[in-house]
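The values are calculated or read from the model by the stated rules, or taken from the named source; none is laboratory data. Worth saying up front: this structure is predicted, and the values here are computed from it rather than measured. So basically every Cβ, Gly included, is an ideal-geometry build from the backbone, and we count neighbours across all protein chains shown.
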Amino acid sequence: MPSRRQFLATCSAAAVSGLAGCTGLLDDPPEGTVWSASVGGASPLSPPVLTGSVVAAAGPDGDLEDGRVDAFDAASGERRWSKEVGRVTGVEAAGGVVYVGVKAGGDTARVLAFDARSGERRWNGSVRNLASAMAAADGALYAANGGLAAIDPADGSVRWQFDDRDGATFTIVVAPGEQLAADGRRVVYGGNGGIVALAPADGSVEWRADTDFSTNAGPALGDGTAYVGGDNGDGLAALDATSGDVRWTHTFGQSAGVAGIRPTDRSMLVATGTAGVGGSFGTLYELDPETGVERRETRFDAPVRGTATGGDWFVVRTAEDTVACFDAETFTEAWRTELSASALLATDGERAYAQTTDGTLWALAP
């Protein structure tokens, strides 16, 4: 009798109609499942990534040193390719390319670039850091953890790299998408007690802003503002993205930690988790982006532990593995479902993709 992993692998290779039938045979699949597939286990440093019509999931396949990357058609779940790569340190996707950080000797990493549709390897580069966080913007790929490097996405050559800048060592200690951001005008890193912005051309420091907290969420860049959130009641700070000056700050309670941030043109969504003597719960807030004043909120029975952004969606996961999707423009809940294991999230605004710690990638929709 095939194992659950073998069964899921068979499902992911089937046609769309076959996928629906396969998924229906799984033991208690999440409500709203479109398709599912067997992948490496979820790692905090490698959430699923999307580019074009492809979703890719990277992670350890049993042993940390035996990491793999699997790519699927995002709509149908058809498996496009799978690669054994070694110990995965991070993953990113942009412009039809999937970038994978793989641990090399010491505190260094290789960065592999694969064509998202075919799996063909375009290049194999190396950086003087662990490449746990990667961000692509305006013809450059940035990789960080124990240093920061700017990479030419055409051939993998390093344009510049630094072990530290103005006191920032670019150490990645939480979800990688929540510590490094880039938008073509600047590269922004949030770490222990400060935010630093660098010029894309040469890595020179544009500004540094000291904060009273270590970054737990963000920087999130939007409309000339860099938003960063902290843990344990530290709250949220909105910084001018050009100068680093603080525009406003907002706190959410004595023990509330910011788990995710989503700026829009008209509002600011902030997901938090609270665990204290008053109980444990999660809250999604809508703030005025100009002032930080609260407009609305909605509660969850457990703290929010992860978020994903794409299209008009803001997707959250709680500590009890509830996944809920909100329209970021209207602050209305579109749907929610329950997972049976912890997961990391991605979304393209049409589906949410949840990679669980037990090695399953779920495609979810209303």
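Filtered by the rule that a residue be surrounded by fewer than 23 Cβ atoms within 10 Å (Cβ to Cβ) and among the hydrophobic types (A, V, I, L, M, F, W, C), the stretch 117-134 gives a lone residue, Trp123. Scanning the stretch 45-73 for residues that are under 23 Å from Gly311 (Cβ atoms), among the small types (Gly, Ala, Ser) and at pLDDT 90 or above yields Gly52, Ser53, Ala56, Ala57, Ala58, Ala71.
Within the option set Val258, Val316, Val323, being closer than 19 Å to Glu178 by Cβ, in contact with a Lys or Arg (Cβ under 7 Å, 6 or more places away or on another chain), surrounded by 16 or more Cβ atoms within 10 Å (Cβ to Cβ) and not small (Gly, Ala, Ser) holds for one residue only, Val323.
Of the candidates Val158, Val173, the single residue that is surrounded by fewer than 20 Cβ atoms within 10 Å (Cβ to Cβ) and under 26 Å from Asp231 (Cβ atoms) is Val173.
Yes/no matrix, rows are residues, columns are (1) surrounded by fewer than 20 Cβ atoms within 10 Å (Cβ to Cβ); (2) modelled with pLDDT of 95 or more:
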site	(1), (2)
Glu178	no, no
Asp183	yes, no
Val188	no, yes
Gly193	yes, no
Ala197	no, yes
Gly203	yes, yes
Ser214	yes, no
Ala217	no, no
Gly224	yes, no
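Report yes if Asp301 is more than 20 Å from the chain's Cα centre (by Cα) and of a type in the set (D, E, K, R), otherwise no. Judged against the criteria, Asp301 is a match.
Between Arg299, Arg266, Arg351, Arg305, the distinction of being without any contact (Cβ under 8 Å) to a residue 40 or more places away in the chain and of a type outside the set (Val, Ile, Thr) belongs to Arg299 only.
Among the residues of the stretch 71-78, not a single one is closer than 26 Å to Val228 by Cβ, of a type outside the set (Val, Ile, Thr) and not in a loop (DSSP other than H, G, I, E, B).
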